[in-house]
Amino acid sequence: GWNSAGQHTGFRMGQRDDGEKWVESWVQVEKDGIVKGILEGENVHGDLWKEEWENTQLNAINEATGEQLMSRCGKKSGNNRDGKQWTEAWGTDDIYGQWGTRHELCVDGTEWTEHWGSNAEGDKWCAKWGVNKLGLGVTEEWGFKNGEKKLRVGQEMDGETNMEEGKIETWTEQWCKTFEDDGRLAHTHAEKVGDNGFGDRWNEKWDELYNTDGSNEKWASKRGAKDRTSDVWHEQWGERRGGPEEGEDHGKFESCWAEQEGTNGYGERWHNGWSESLDPYGGGGHKVCNKFKKLANGSEMIERSGEEWDGKGWFQKGGETVHNGGKVDGWHEQAW
């Protein structure tokens, strides 16, 4: 009901099917086109919550319906029986769009935060990140983003102008880092996926593994496609380093490799590979490189080369070129 101060007050209570009882009370005030309110509640298990809101009439009218445009915002917070703390905030605007955020913190230190929103043009986005406590002192930090954006008519990309309605640019990103109980970084993983609405698409991934002896391994992969030129490609590479010696920040290089393959709109196809390894103590090592290309007319070209050495002065190198199955060039040299 209304009280003498011009406030609208209320009270309610209830019981759920599981027997849990709860109670809420609220106060709402309206003045100069602005409505403000506060609600508080609790249950018999000790869960507490509070909500505040504000609705404001904008100085604008919906031309289609004749209704007054509004802006609304609010926030919530609470404490659960298990000790979890949480907060929320949100807003909507009949002119600009809407947004929201939420944060949770658990007793064990696990927590996460989320932001999201959209605008009047139809663009949407969301970001979420946090920390997980996995037991035995292991901690995981993680994050996630995604969104979509409508391409505007007249928008340009690489010399191409969009003249169509309904095209959408999309993206997704996620990452995670794992830490041992002593704070040492043990593993990193990340991934990106995207589409720019002009026919370009990509997917990137990478991982880093850090061992207890200080050695580490890294790996990455990229895939892509371009509709305008009918290009499709894939690249990946990896690296390994040993544990650092005393006084060193980084371990010695041991091996690495890379690979690339793809096709294009001319009907060409290629596949290249390369690797290298090194004995960080003895000094010996080797390199290998292979290249393959097939042209639209069916002609094939292959190039191979290699090198090895023992770190004491001996080495040998060699390579060859093959065209349509026939060797057209070759070389070899050696030293003691």
For the chain, alpha-carbon Rg and Dmax in angstrom: 31.2, 104
Computed lengthening from Glu191 to Lys128, 0.36 nm per intervening residue step minus Cα-Cα distance: 21.2 nm
Pairwise label distance in nanometres, Thr56 with Val23, each label 7 Å out on the Cα-Cβ vector: 3.5
Per residue value of the accessible surface for the chain (all protein chains in place, 1.4 Å probe), Å²: 64
Theoretical FRET efficiency, 1/(1+(r/R0)^6), r = Cβ-Cβ of Asp94 and Tyr266, R0 41 Å, to 0.05: 0.20
With every protein chain in place, the chain: carbon and sulfur % of accessible area (1.4 Å): 49
Cross-link table Lys145/Lys222; Lys75/Lys133; Lys205/Lys317; Lys205/Lys294; Lys167/Lys226, entries beyond 23 Å C-alpha to C-alpha: Lys75/Lys133; Lys205/Lys317; Lys205/Lys294
Choice from Lys21, Lys192, Lys218 with maximal GNM fluctuation in the chain (Cα, 10 Å cutoff): Lys21
Which of Ile302, Ile38 is most accessible, then next, and so on - probe 1.4 Å: Ile38, Ile302
Additional length obtainable on full extension of the chain from Glu160 to Asp32, 0.36 nm per residue less Cα span: 41.0 nm
Accessible area (Å², 1.4 Å probe, nearest 10) - Trp274: 100
Ile168 accessible area, 1.4 Å probe, all protein chains in place, Å² to nearest 10: 60
Pair Glu204, Cys176: separation of 7 Å Cα→Cβ label points (nm): 2.0
The range 195-294, Rg to Rh (Cα coordinates; Rh as Kirkwood inverse mean 1/r): 1.12
Gain on full stretching of the segment that runs from Gln334 to Arg152 - 0.36 nm per residue minus C-alpha separation: 59.3 nm
Accessible-area value, Met70, 1.4 Å probe, nucleic acids and ligands omitted, Å²: 40
Approximate spin-label separation His103-Met301, in nm, with each point projected 7 Å along Cα-to-Cβ: 5.9
Efficiency of FRET from Cβ geometry, Ser77 and His234, R₀ 30 Å, rounded to 0.05: 0.05
24 Å Cα-Cα threshold exceeded, pairs from Lys50/Lys124; Lys150/Lys218; Lys218/Lys252; Lys84/Lys192; Lys287/Lys327: Lys50/Lys124; Lys150/Lys218; Lys84/Lys192
Per DSSP, loop GluC sites (Glu not before Pro) in the range 1-94 with at most 10 further Cβ within 10 Å: Glu63, Glu67
Furthest towards positive pole of dipole, Leu69, Ala220, Gly247, structure part the chain, Cβ charges: Leu69
Dipole in debye (nearest 20) - the chain, about Cα centre, beta carbon charges: Lys, Arg +1; Asp, Glu -1: 480
Alpha carbon Rg of the range 47-145, scaled by the compact-globule rule 2.2 N^0.38 Å: 1.42
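The values are calculated or read from the model by the stated rules, or taken from the named source; none is laboratory data. Just so you know, these numbers come straight off a predicted model, no measurement behind them. Glycine gets a Cβ as well: all are built from the backbone with ideal geometry, and neighbour counts include every protein chain shown. Calculation scope for accessible area: heavy atoms of the full protein, side chains included, ligands and nucleic acids excluded. Shrake-Rupley method; radii C 1.70, N 1.55, O 1.52, S 1.80 Å.
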